[in-house]
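Bear in mind these aren't lab numbers, they're just calculated from the coordinates by the rules spelled out. No experiment lies behind these values; they were computed from the predicted model shown. With ideal geometry, Cβ positions are generated from the backbone for all residues, glycine too; neighbour counts draw on all protein chains shown.
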C-alpha cells in the first residue's frame, strides 16, 4: 500500500523531531491521504482513488475530475489515473 497521492504524486517527506533540549531524531511527514470516489461526467461512471486532501480541493476548484485530469501532467499521475485520463480523452474525441 503506497502512501502516495494518485493525482498529484505527493508522498512522504522526512525531517526531524526536535525536543525541548534541541535533540534531533529523524521522522516522516505523511501526506493526508483519503480514499474518495470521484465521478467522471464524460464517462458517466465513478472511480475510487486514494488522493490527498489538497488534491481533493484542487479537483473541486478546477470543476471536477475530467477538468483536473485534462490539465494534469502525465508524470505526476499514477498508472490508474493515467488510464482514466486517456479514456476520458478518447471519449471526448469521439463525441
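Entry note, the chain: the mean residue ellipticity at 222 nm calculated from DSSP H runs of n ≥ 4, each adding -39500 (n - 2.57), is -10500 deg cm²/dmol after division by the residues and rounding to the nearest 500.
Compute the acute angle (0 to 90°) between the alpha-carbon long axis of helix 53-62 and the principal axis of greatest extent of the alpha-carbon atoms of the chain; round to the nearest 10°. Tilt of helix 53-62: around 30 degrees. Counted by neighbouring Cβ atoms within 10 Å, the residues 84, 51 run from fewest to most as 84, 51.
Length available on full extension from residue 58 to residue 71: 0.36 nm per residue minus the Cα-Cα distance, which gives 3.6 nm.
Given R0 = 30 Å, the distance between the Cβ atoms of residue 89 and residue 27 translates into a calculated FRET efficiency of 0.15. Counting beta carbons within 10 Å around each of 35, 41 and listing the fewest first gives the order 35, 41.
Once you have the alpha carbon radius of gyration of the chain, what is it after dividing by 2.2 N^0.38 Å, with N set to its residue count? Present the calculation step by step, with values, prior to reporting the outcome.
Values: Rg = 16.9 Å, N = 95, 2.2 N^0.38 = 12.4 Å.
Computed over Cα atoms of the chain, the ratio equals 1.36.
Against the chain, whose longest principal axis is taken from its Cα atoms, helix 79-94 shows a tilt of about 20°.
Cα centroid separation, the stretch 1-29 to the stretch 63-95: 30 Å.
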